[in-house]
Amino acid sequence: MAQRILTGIKPTGQLTLGNYIAVLKNLRKTIARGDSFIFIADLHALTLPIDPEILKQNSIDLAAFYLAAGLDPEKSALFLQSSVPAHAELNAIMQNYLYMGELSRMTQFKEKAGKLKENAIGLGLFAYPVLMACDIILYDANIVPVGEDQMQHIELARNLVNRFNNRYGEILTMPKAEVQKVGKRIMSLSNPLAKMSKSDPKGDIFLKDEPAVIRKKIMAAVTDSGSEVKFDEQNKPGISNLLTIYCALKDISISEAEQTFASYRYGDFKKEVADAVVNELIPFQQRYIEILNDKSYEQALKVGAKKANAIANETLKRVQKAIGLLLS
Ligand code: TYM
């Protein structure tokens, strides 16, 4: 079978360099490998409270970011998850094939729910991985490019596929997560022991940050004692994170970078990292602004939703038929 590629990003906060390295940086290359379905996970954004206007604006931003990253809407389907009703319909079916025990073991759920009072934990937050599995299954995706934090969810989707196919025959396609060799987990600049996430302004580099802000954040990044620029996640998590960012953006190996910076002091090294980030993001930001202004994302989303609906509805029918829902 041809390669089917699928990935999504939640329009919850400002996108970060972590999102960029995991998905956007290589998007052009990734989608050249087969049929691709790239979406804005707006239903997932509802799992924590969000202002409607912010959700809308974030979704537009994300569509423009995907296009700025090189997504060609003729070749690949760009769409809003909520514009393909089959996601919700398949979710209603698949929630019966994943169990409370396995869902309650999901690290992301535990982290997010841990910050909330019990009566503020929505059912949607708990059941998030069911909908995510449906996102993948609907398009018969076999390649799912993500950061490391999504691997556990994809493992669960794989379990679901196995379980379902064992019971009903070869109905669903087995997906596989694909993470970057370097950069699968970008850490916070202010706390290199925690992941860079959309809700940590000090430790984040946002894709919309101005160059001066980016430089300031990187120069202020927490580093470690010692003076050698060396990759050592245990003893030098801050420097290791900056090396990872540099290598991911330059597409080189860690050992190559270690050689380049062998005689550098931390301050000079940080300047090089800041240059690399700024040089990567400036042209990207310019394209993003152009797309926001010409509103080409509107047409792209429309065409994409049509393509996505056609494929998703086929899969949904196949599943309905297999479990006895379609009468003819
Ligand atoms: P989201 O919106 O949290 O993140 C989008 C993508 O960015 C990756 N990522 C990172 N990678 C490296 N370092 C980091 N610090 C970092 N932070 C985020 C994420 O792993 C992800 O690939 N559940 C998903 C969205 C989703 C999805 C899907 C993805 C919904 N359905 C189906 C793939 C397939 C999420 O919340 O990603």
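The values are calculated or read from the model by the stated rules, or taken from the named source; none is laboratory data. Remember, predicted model here, so these are calculated numbers, not experimental data. Here the Cβ positions follow ideal geometry from the backbone for every residue, glycine too, while neighbour counts run over all protein chains shown. Accessible surface is based on the protein model in full, side chains and every heavy atom, while ligands, DNA and RNA are left aside. Shrake-Rupley method; radii C 1.70, N 1.55, O 1.52, S 1.80 Å.
Shown for the stretch 44-167 is the translational diffusion coefficient from the Stokes-Einstein equation, using the Kirkwood radius over Cα pairs, a temperature of 37 °C and a viscosity of 0.692 mPa s: 204 µm²/s.
Scanning residues 5 or more positions from D232 or on other chains, those with amide H under 5 Å from its amide H are S240, with H placed 1.01 Å from N in the peptide plane.
With one equal scatterer per alpha carbon and no solvent term, the Debye-computed log10 I(q)/I(0) for the stretch 155-294 at 0.19 1/Å reads -1.06.
Taking a ≥ b ≥ c as the square roots of the eigenvalues of the Cα gyration tensor, the stretch 141-185 is classed as prolate, since a/c reaches at least 1.5 and a/b is larger than b/c.
Amide H contacts of M187 (H built 1.01 Å from N, in plane; Pro and chain starts excluded): M196 sit under 5 Å, all sequence-distant by 5 or more or on other chains.
Rg and Dmax of the stretch 81-148, both derived from C-alpha coordinates alone, stand at 13.1, 37 Å. Placing one equal scatterer on every Cα of the chain and applying the Debye formula, the log10 ratio I(q)/I(0) at q = 0.06, 0.09, 0.10, 0.11 Å⁻¹ is -0.22, -0.50, -0.61, -0.73. Label point 7 Å out from L55 along Cα-to-Cβ: which residues of the stretch 76-113 have amide N under 11 Å? Answer for the stretch 76-113: 82.
Ignoring any ligand, DNA or RNA, what whole percent of the accessible area of the stretch 125-218 comes from carbon and sulfur when the probe is 1.4 angstrom?
51
Using Cα centres only, tell me the gap between the stretch 64-93 and the stretch 261-275 in whole Å. About 39 Å separates the Cα centre of the stretch 64-93 from the one of the stretch 261-275.
Work out the FRET efficiency for L325 and A120 from their Cβ-Cβ distance, taking R0 = 35 Å, and round it to the nearest 0.05. Calculated transfer efficiency: 0.50.
Remark: spin-label model distance K181-A310 equals 3.7 nm, labels positioned 7 Å along the Cα→Cβ axis.
Fully extending the segment from F284 to D72 would add 74.8 nm, taking 0.36 nm per residue of separation and subtracting the current Cα-Cα distance.
For the chain, the solvent-accessible area of protein heavy atoms averages 49 Å² per residue (probe radius 1.4 Å; ligands and nucleic acids excluded).
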